[in-house]
Amino acid sequence: MIKPLHALLGAKRKNKRIITISYDVIAIIASLYLATAIRLNEWSYPINLSLVLTTVVTTAITIFCFTRLGMYRAVLRFMMLPALGYIFIAVFISSLTLAFCGFFFQAFIPRSVPLIYVGLAIITLGGPRIMIRTIYYHYYRRKKPNVFVYGAGSTGRELSYALISGSEYHPVIIIDDDYSKVGQIIFGLRVHHSSEFTELQNLYKPVKLLLAIKNVSPGKRLRLIEKTSDWPIAIQSVPSVEDIASGKAKSTEIRDLYISDLLGREQVTPNNELLQKNITNHNIMITGAGGSIGTELCRQILKQHPTKIVLFELNEYNLYSIDRELRNYALHTNTTTQIISALGNVQKQNHIERLMIAHNIDTVFHAAAYKHVPLVEDNVIEGICNNVFGTLAAAEAAINAGVKNFTLISTDKAVRPTNIMGATKRMAELVLQSLADRQSNTIFTMVRFGNVLGSSGSVVPLFKEQISKGGPVTVTHPDINRFFMLIPEAAQLVIQASAMAKNGQVFVLDMGEPVKILELAKRMIHLMGFSEQINSEQDGDIEIQFTGLRPGEKLYEELLIGNNVEGTAHPKIMTAMEDKLSWDEMKNLFIELDNACQTFDEDSVIEIIKNSPTGYHQEKEL
């Protein structure tokens, strides 16, 4: 049975249509013959021209109705209730045609024959279609792993329908928290309450739980994920409404949970006036345009329609990638912004200054920096040259080129730094603060925030890779925590903070509550369908190993050096009043630091940093 079915389903579409139409013609004629025979209780009865004409017209009208209703475009294996409804409609029209033709051609068609014909035609025309669909579904269902769908709303119905018709997963039940929906049957799937999960899992052995929940707040979504993360099953989700509306994803597309789902952060709607103030109809430069923050700044800035955007980047491939992305976006949105891509090093002041002058730059976002703590710890001289002297060169170039606004992307690691990277970023802040006091034509701003999710240094992709390989998951310390923020949210807040700036101001972004990295690792393990094992005596699928703090790594991150902080017009942006140096003091520090870098005297460089007002101190490993 399966081999002929395979041959039919595997035939060319044209051949399948010929076979289907031929069968329907035979089925209609046979149904008419049987209906008359049943009525007369005779298998043999006289056939004349009028009966032949009636049969031909009825058959032709029925085939025409099937064609118009799309029955020969429908894929048999995917036929569902709508297609069966079309069969009823076509057969009803066919029976009316039979009755009319019998009267018009004066054929011997007893009045009860059209009624008998309706029942027979539905069986002969619809029966094989249902049979093919049922055989295909039950045969291939055995090859598809079972899954549960969480959510009996419109999204759950869409997802269930798509999965039933697809070839990847077999939905067996729908789970929901709403008791009023329990017991409903949706596409043959019964709705169960979430409290029944354990019994249902033992019965059906699903491989995944698919969250089909949209239009809920991040907080409610987080509570749902916290609840389901204790269930021993891998969890995936359908995309958010925003992703579907923007065309980034389809409503039935299944994906892994984003880390933003795990954090439940509620993003504040950006202030469009602040977003546009220093961007719209201005010329913008982004240094480090190919980095994690730089690329997102480019995307957000382009949406605000600047006149010109200059992408400055040292890495050729990264520059090529963001250039291509922005040009594709501009092409599809009819954006008229001029996009200029420039390769270069921020330490070369002459180069960057010429670019600023040539393109009449109004606003600079300085995101170029070495930011990986262990790498900078092992490459102290290069970290100083790029993060400190690179910032100085870019800032001096901005002053000479008449740039109105210059914003530094800083980090929470600049607060009482315990590593060279953090110390260089704090020194970069001091550079801009001293330049702000030296002149007033260029407004210098610093925006400080913590880890951004999805960046090149994020711990989340590492955890996911480690879990996928069966572990172990490596966490530096059981008590370590970090602030997290989404990259788009961080970029928008940086732009808005820049628009509110007064010269030399330090802005701090509200990162919410810090996240314990160990708890994050556990949750990711649970959501991927495993259990954790923290010591050798404990049962579990994925081992969590504590590797110890790396050189220069803090146990807890901070965002403020002191307590002198004030709110701003934006609920997620604060301003901090912190100590700074005069330009003369900074200049003497630069001379001393530059001499040590020129001779590659790393010990002297570290000593200079320790003695500088960065607050740098080396923290012992725990």
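If you check 600, 590, 546 for being modelled with pLDDT of 75 or more and in contact with a His (Cβ under 7 Å, 6 or more places away or on another chain), only one passes: 546.
Taking the criterion of being surrounded by 14 or more Cβ atoms within 10 Å (Cβ to Cβ) and out of contact with any Phe, Trp or Tyr (no Cβ under 7 Å at 6 or more places or on another chain), the residues of region 595-613 that qualify are 596, 597, 601, 602, 604, 605, 606, 608, 612, 613.
Restricting region 145-162 to residues that are hydrophobic (A, V, I, L, M, F, W, C) and touching a residue at least 60 places away in the same chain (Cβ under 8 Å) leaves a set whose member that is surrounded by the most Cβ atoms within 10 Å (Cβ to Cβ) is 149. Scanning region 309-361 for residues that are free of Cβ contacts under 8 Å to residues at least 24 places away in the same chain and hydrophobic (A, V, I, L, M, F, W, C) gives 331, 358.
Is it the case that residue 420 is out of contact with any Pro (no Cβ under 8 Å at 6 or more places or on another chain) and touching a residue at least 60 places away in the same chain (Cβ under 8 Å)? Yes, satisfied.
Consider region 170-184. How many of its residues are free of Cβ contacts under 8 Å to residues at least 24 places away in the same chain and within 13 Å of residue 213 (Cβ to Cβ)?
1
The single condition among (1) surrounded by 14 or more Cβ atoms within 10 Å (Cβ to Cβ); (2) at pLDDT 75 or above; (3) farther than 30 Å from residue 194 by Cβ that residue 110 does not satisfy is (1). Can you name every residue in region 590-604 that is in contact (Cβ under 8 Å) with a residue 60 or more places away in the chain and within 21 Å of residue 395 (Cβ to Cβ)? 590, 593, 594, 597, listed by residue number. Does residue 39 satisfy the condition of being assigned by TED's automatic domain parsing to the domain that holds residue 98 and modelled with pLDDT under 80? Considered against the rule, which asks whether it is assigned by TED's automatic domain parsing to the domain that holds residue 98 and modelled with pLDDT under 80, residue 39 comes out as no. In the set (1) touching a strand residue (DSSP E or B) at 6+ places or on another chain (Cβ under 7 Å); (2) assigned to a helix (DSSP H, G or I); (3) among the small types (Gly, Ala, Ser); (4) surrounded by fewer than 23 Cβ atoms within 10 Å (Cβ to Cβ), residue 395 fails one condition alone, (4).
When region 187-199 is filtered for residues that are crowded, with 19+ Cβ neighbours inside 10 Å and among the hydrophobic types (A, V, I, L, M, F, W, C), the ones remaining, listed by number, are 189, 191, 197.
The values are calculated or read from the model by the stated rules, or taken from the named source; none is laboratory data. The shown structure was predicted, so the numbers you read here are calculated from the model rather than taken from an experiment. As a convention, Cβ positions derive from the backbone with ideal geometry for all residues, glycine included, and neighbour counts pool all protein chains shown.
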